[in-house]
Amino acid sequence: MRWLAFLAVVAAAFGSQGSLAATGTVPGRLVGTWTNAGYVLTLKANGKAVFKLGPEVIPETVAGTPTRVTFGAAGVCSRKGSYSWKRTGRSLTFRPAGEPCSVRRSFLTVAWTRR
């Protein structure tokens, strides 16, 4: 039951409702499919992203620079959230750099591995 409640909160945080980050380009080093603990994040060069959380598929938009990425406002995350990012080999990490939403922050700030 807790697992389903967690998925509902995360889905609301990343849902496609509300205003989104301005769709833009995503740096090539971020483009691809990333996983952590069963979750999947796919980032596309055109600024579209998809979170897969178990059976949930949540579309998102993202805009990025060589040092920062911004995810759109949605669900329980009523404002955009910015992160610095670092890729080393197949590993990707995000660090909050203007993220008001604790739900999204807890989800994104774990190590991601390129699939």
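Along the stretch 49-64 the Karplus relation, 6.51 cos²θ - 1.76 cosθ + 1.60 evaluated at θ = phi - 60°, assigns HN-Hα couplings of 9, 9, 9, 10, 10, x, x, 7, 10, 10, x, 8, 10, 8, 10, x Hz to successive residues, with x for each Gly and Pro.
Take the Cα of ALA45, step 7 Å toward its Cβ, do the same at THR33, and the gap between the two points is 1.8 nm.
Residues whose amide H falls under 5 Å from that of LEU30, counting only those 5 or more places apart or on a different chain, are absent, with hydrogens built in the peptide plane.
Neighbour counts of C-beta atoms inside 10 Å place VAL31, VAL26, VAL62 in the sequence VAL31, VAL26, VAL62, starting with the fewest.
Only the coordinates and a few stated rules stand behind these numbers; no lab work does. Just so it is clear, the model here is predicted, and its values are computed rather than measured. Heads up, the Cβs are rebuilt from the backbone with ideal geometry, glycines too, and the neighbour counts pull from every protein chain shown.
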